[in-house]
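Peer 1: Shown below is the structure under consideration.
The values are calculated or read from the model by the stated rules, or taken from the named source; none is laboratory data. Note that the coordinates shown come from a computational prediction; the quantities given were computed from them, not determined experimentally. All Cβ positions, glycine included, derive from the backbone under ideal geometry; neighbour counts span all protein chains shown. With ligands, DNA and RNA removed, areas are computed over all heavy atoms of the protein, side chains included. Shrake-Rupley method; radii C 1.70, N 1.55, O 1.52, S 1.80 Å.
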Amino acid sequence: MNALIEIEEGINSLLAAPIYGLAPEQRCCTLLALLKQELAYACDRNSRLRNYVQHWPVDFRAATRIADLPYLPAGVFKANPPLSLVDAKEIKRTLTSSATTSQVPSRVVLDGPTARRMTKGVVTIIRDFIGPARRPYLVIDTPQNLTAESELGVRGAAIQALGSFATDVECCLSRDPDGDSSLDLEKLLDWAAKWKDAEVLAYGFTYVIWTHLVRPLQRKGIELGLPNVRVLHSGGWKRLEDQAVTRDVFIRGVASAFGCSTDRVIDYYGMVENVGVVYPDCECGNKHVEIIVRNPLTLEPVEAGQQGLIQVCSVLPTSFPGFLVLTEDLAEIIGYDECPCGRRGTCFRFTRRVPKAEVRGCGNIEPRAMSMARIAIT
């Protein structure tokens, strides 16, 4: 347990530092040392993961950059039972992805310490964008997604994580006996009238906000009159892209429905395998926090101005091996320390999901990193 205590101290020290204030070299050095500790801990706790790491081309203990550390493809988190580094009795909750593009959701297990770090990580990042104040919180979802259950979807996890900013919480959607959701317009209008001059927070999944709030209000010609709202949204872009709803159309539609400026509508990227780390858009339209973007053919890190596969990095989990995960999403690196917003470190823009054909191709490019993971881990 001494190793875990040392890891916990390292995580707390990192969370206490300015989240976007460290020089990239200092931040990468700190992350590299902590990730090595966590990999060693994970290998001691899971023999299949240890087998995978031992066959990695580079000994992680000798790695001089984060990009050389062994990463897992996101697909291995679709295993059931989920990958775990803790005993079953220590698992407090299982998080599941929305699985909108696959019939098999990803699952990660949380023990008490990881769950607490998840909330602290989200709060630390979001606070940099909206400030630390607590405020009335509008959840653009149903009350059922606020329920604390042993297995929680990614929507519910996101809703609950932002609860740290709330003085009170109101859900504006209701669910009928068939499980279909709809806008409770009377409740929404009462809430908006009560808090019209206040700083308020609203959150929902992207497609839920558009389908169940923006479009119904547009049809009725209603503006909520909440100029001081901060609207956070995540996930669900695939469904809107299928409807030809662009990001610009979405942002302008949300701002018009709430009666606020477009800069108060903030998209953030996140995934269940990268629990506790979110990537909001800054005022320049870029996302921040440490990631690696890899060339889809060589899997080497790309240069600024190039696109590739997103590899997320997180030191927060110790109940599952979600430290370094290669996703099925594409992004463009904007710069490595050059964002005009002043936040230091890598800045990037999410572009799209990888088409399924490309995902399969990627799995054939580096069998040691991808195919072996499916054999050794799952």
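Peer 1: Can you tell me how many residues within region 255-272 are part of a helix (DSSP H, G or I), closer than 23 Å to Asp128 by Cβ and either modelled with pLDDT under 95 or not β-branched (Val, Ile, Thr) (or both)?
Peer 2: Within region 255-272, the first condition is being part of a helix (DSSP H, G or I), and the residues that meet it are 255-258, 262-264, 272.
Restricting the remaining residues to those that are closer than 23 Å to Asp128 by Cβ gives 255, 258, 262-264, 272.
Those left that are additionally either modelled with pLDDT under 95 or not β-branched (Val, Ile, Thr) (or both): 255, 258, 263-264, 272.
Qualifying residue count for the region: 5.
Peer 1: Here's another thing I want to ask about it. Condition check: closer than 20 Å to Val278 by Cα, basic (Lys, Arg), in contact (Cβ under 8 Å) with a residue 60 or more places away in the chain and out of contact with any Lys or Arg (no Cβ under 6 Å at 6 or more places or on another chain). Does Arg48 satisfy that?
Peer 2: Taking the combined requirement at face value, the residue does not satisfy it.
Peer 1: May I ask you to list the residues in region 237-254 that are open to solvent by 70 Å² or more (accessible area, probe 1.4 Å) and assigned to a helix (DSSP H, G or I)?
Peer 2: If the condition is that a residue be open to solvent by 70 Å² or more (accessible area, probe 1.4 Å) and assigned to a helix (DSSP H, G or I), then Lys238, Arg239, Glu241, Asp242, Arg247, Asp248, Arg252 are the ones that fit.
Peer 1: Something else: Take region 73-96 and flag every residue that is touching a Ser or Thr at 6+ places or on another chain (Cβ under 7 Å), in a loop (DSSP other than H, G, I, E, B) and more than 20 Å from Gly156 (Cβ to Cβ).
Peer 2: Ala79, Ser84, Leu85, Val86
Peer 1: Any idea which residue in region 162-193 is surrounded by the most Cβ atoms within 10 Å (Cβ to Cβ), counting only those that are touching a strand residue (DSSP E or B) at 6+ places or on another chain (Cβ under 8 Å) and of a type in the set (D, E, K, R)?
Peer 2: Looking at the filtered set, the residue picked out is Glu170.
Peer 1: Has region 135-152 got any residue that is over 24 Å from Met271 (Cα atoms), modelled with pLDDT of 95 or more and either among the hydrophobic types (A, V, I, L, M, F, W, C) or out of contact with any Lys or Arg (no Cβ under 7 Å at 6 or more places or on another chain) (or both)?
Peer 2: Scanning region 135-152, I find at least one residue that is over 24 Å from Met271 (Cα atoms), modelled with pLDDT of 95 or more and either among the hydrophobic types (A, V, I, L, M, F, W, C) or out of contact with any Lys or Arg (no Cβ under 7 Å at 6 or more places or on another chain) (or both), so the answer is yes.
Peer 1: Look at Ile310 and say whether it is open to solvent by less than 40 Å² (accessible area, probe 1.4 Å), in a strand (DSSP E or B) and in contact with a Pro (Cβ under 9 Å, 6 or more places away or on another chain).
Peer 2: Working: open to solvent by less than 40 Å² (accessible area, probe 1.4 Å): yes; in a strand (DSSP E or B): yes; in contact with a Pro (Cβ under 9 Å, 6 or more places away or on another chain): no.
Answer is no for this residue.
Peer 1: Oh, and also: Suppose we filter region 38-72 for residues that are within 17 Å of Ser314 (Cα to Cα), open to solvent by 20 Å² or more (accessible area, probe 1.4 Å) and either of a type in the set (Gly, Ala, Ser) or part of a loop (DSSP other than H, G, I, E, B) (or both); how many remain?
Peer 2: The qualifying residues number 2.
Peer 1: Only one of (1) buried (at least 24 other Cβ atoms within 10 Å of the Cβ); (2) over 14 Å from the mean Cα position of the chain (by Cα); (3) part of a strand (DSSP E or B) fails for Ile333. Which number is that?
Peer 2: Result: Ile333 fails condition (1) only.
Peer 1: From the list Ser13, Ser97, Ser84, Ser106, which one is open to solvent by 60 Å² or more (accessible area, probe 1.4 Å) and hydroxyl-bearing (Ser, Thr, Tyr)?
Peer 2: Step by step, each of Ser13, Ser97, Ser84, Ser106 is checked, and only Ser13 is open to solvent by 60 Å² or more (accessible area, probe 1.4 Å) and hydroxyl-bearing (Ser, Thr, Tyr).
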